[in-house]
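Since the structure comes first, as structure tokens, the remarks are kept for the end.
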Amino acid sequence: MYKLLFTLLIILPVSGFTQKHNSYPVAVETVLAEAGKNKAELQKAITYFKKSGDPLKLKAVYFLIENMDIHSSADYYWADASGKKITYNEFAYPDFNAAAKAAGLIPSQHSGAHMVPVMMPDISMIKGDFLIDHINRMFAAWRTSWDKTISFNDFCEYILPYRVSVEPLQNWTATYTNQFRWFKDGLKTNGIQKELAMLSINVNTWFTNTNELENRNEPLPRLGAMQLLFRKKGPCEDVADLSAFILRSQGIAVALDEIPYWATSTGSHFTTLVFDLQMHTTRFDLSRIDAISNNAVPREPSKVIRVTYSKQPGTLAGFEKLQDIPDGFMRTLNYKDVTADYWPTINITCPLFPVKNSAKIVYAYIFNGLKWKPTWWGRKNGNSVSFTTMSKGVVYLPAFYNDHKMIPAGYPLVEGYHHEMSLAPDLNNRISMVLKQESGYLTFRPGKKYRLYYWNNKWQLLAQQVANIGTSEMLFGDVPKNSLLLLVPEYSQKKERPFIITDDGKRNWF
């Protein structure tokens, strides 16, 4: 017993000191425990900044690490028929054309060559030296920048992050800092508005926005920071990322806002928000000549989502199983709903079908690219569901999500600017209607077939007609009143929009 007490007297103070010396915030400890073999690398960065004597840098490394577990790189590699990795590095070539040509030869040089997509978690691959160098450079940029008086919290969220999205992780900070230093220098005399305009002019001389011009034939959703400079092209999401890398490297606070789907058109959109000293925003589209604008958008967005580095409270993925959430931003933890900053919004309540369904979450779907696509969620409350901060001027379909399938939970709801309509088709009350050509929406082509559908838990074919020479309108009979309608030509490019016919015979597109 005496030996045990003596041993404890020796061990306890030492172990107590060790625990205090190596203690971290709880959120950091949690991530470190998940980092496995890479834990030592993250601890290396923490130890460095503990010794640096700069308490803000220590807080910064804690901020990055405690949110690191939700971030990954989406990348790919080449493999042969046996699964063996094929050596290929695009940066080993003088330019991207040469790299692309070399990649094109891989299938002829290796039997069964194919691209293998991979997701690489940051906590298992980021090295301590990478974090140390990045944090030091971003602090140097911030403390000498136009935005140097913004709060530390805003710095952490909108300047500090080493990544923007799921792009391959690359060591970009030094290159961007040096290549775009002229932007920071010009702020002293030109001011932010003029300098942003000059940045747009500069980038458009060497970078091409490929949106709707070409598709990337790789399993690579976003380009890495160095790939953007090397390839010199990419769609609007890559343009937005490029903006963020450039501006953050110069100590300018930047956020990326995403419109997952347009609610009254096809496609999606990404834009960059630049913050001033009072954290007021300027919308900045690097690929446009009129790069600077207010925060308005040209049409109704399904939602506008601000991507953050840090985890945000109240996100659906914080409590719902991922397999029960549709693909897209709702599966992530790092976003804010900023729709109200862009468009008139309203909270809506949709009635649901009186059927038993164990699902507690109902999704709001919008129509985009001839498909219903999920855009927001709400909790089921009896036979109704409420959706918050929804864009006006949109038709929404409440639906459940199960096994990768949409299951209609109610009738479409039109949320207009001055009225609301639940579109339950009246099958006992039918009308005849005339569909006339309308610029921007409908033009009849001679000899082409047109199919008219109405929505009743699925698109039901109502009638079809062939346009003749000189046809400028078509008459359709037996159309259920109060229906959501859709006219699809045989040459469809999936851009057709649904519409309704009001009691006064007017046609409203959505």
> Could we say that ILE135 is free of Cβ contacts under 8 Å to residues at least 60 places away in the same chain, out of contact with any Leu (no Cβ under 6 Å at 6 or more places or on another chain) and β-branched (Val, Ile, Thr) here?
Replying inline: no
> strands (runs of 3 or more DSSP E) wholly in segment 346-411 with at least 3 residues that are among the basic types (Lys, Arg) and surrounded by fewer than 22 Cβ atoms within 10 Å (Cβ to Cβ) - which ones?
Replying inline: 371-381
>> Of everything in segment 202-211, what is in contact (Cβ under 8 Å) with a residue 12 or more places away in the chain and over 23 Å from PRO117 (Cβ atoms)? Give them in sequence order.
In response: VAL203, ASN204, TRP206, PHE207, THR208, ASN209
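Yes/no per residue for (1) under 27 Å from ARG299 (Cα atoms); (2) touching a His at 6+ places or on another chain (Cβ under 8 Å); (3) of a type in the set (A, V, I, L, M, F, W, C); (4) not assigned by TED's automatic domain parsing to the domain that holds THR345:
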residue: VAL385; (1), (2), (3), (4): yes, no, yes, no
residue: TYR417; (1), (2), (3), (4): yes, no, no, no
residue: ILE431; (1), (2), (3), (4): no, no, yes, yes
residue: SER439; (1), (2), (3), (4): yes, no, no, yes
>> Just to be sure before I move on: is LYS184 of a type in the set (Lys, Arg) and at pLDDT below 95 in the structure I sent?
In response: yes
> Which numbered condition trips up GLY104, out of (1) assigned to a helix (DSSP H, G or I); (2) crowded, with 17+ Cβ neighbours inside 10 Å?
Replying inline: (2)
>> Here is a check on your reading of the model: is LEU487 of a type outside the set (Asp, Glu), part of a strand (DSSP E or B) and touching a residue at least 24 places away in the same chain (Cβ under 8 Å)?
In response: yes
>> So in segment 141-179, with the set limited to residues that are part of a loop (DSSP other than H, G, I, E, B) and of a type in the set (Lys, Arg), which one is farthest from PHE270 (Cα to Cα)?
In response: LYS148
> Can you name the condition, by its number, that LEU286 falls short on among (1) of a type in the set (A, V, I, L, M, F, W, C); (2) surrounded by fewer than 18 Cβ atoms within 10 Å (Cβ to Cβ); (3) at pLDDT below 90; (4) closer than 18 Å to PHE183 by Cβ?
Replying inline: (2)
> Among the candidates ALA99, ALA60, which residue alone is touching a Phe, Trp or Tyr at 6+ places or on another chain (Cβ under 8 Å), small (Gly, Ala, Ser), assigned to a helix (DSSP H, G or I) and under 30 Å from PHE152 (Cα atoms)?
Replying inline: ALA60
>> Among the residues that make up segment 105-124, is at least one of them of a type in the set (Ser, Thr, Tyr), in contact (Cβ under 8 Å) with a residue 60 or more places away in the chain and under 23 Å from THR175 (Cβ atoms)?
In response: no
>> Can you list residue pairs whose Cβ atoms sit under 9 Å apart, with the first residue in segment 346-365 being outside the structural domain of VAL414 (by TED's automatic domain parsing) and the second being of a type outside the set (Lys, Arg) and part of a loop (DSSP other than H, G, I, E, B)? Count only pairs 6 or more apart in sequence or on different chains.
In response: none
>> Please count how many residues of segment 468-510 are within 24 Å of LYS371 (Cα to Cα) and small (Gly, Ala, Ser).
In response: 2
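The values are calculated or read from the model by the stated rules, or taken from the named source; none is laboratory data. Quick caveat: nothing in here was measured; it's all calculated off a predicted structure. Note: ideal-geometry Cβ built from the backbone for every residue, glycine included; neighbour counts use all protein chains shown.
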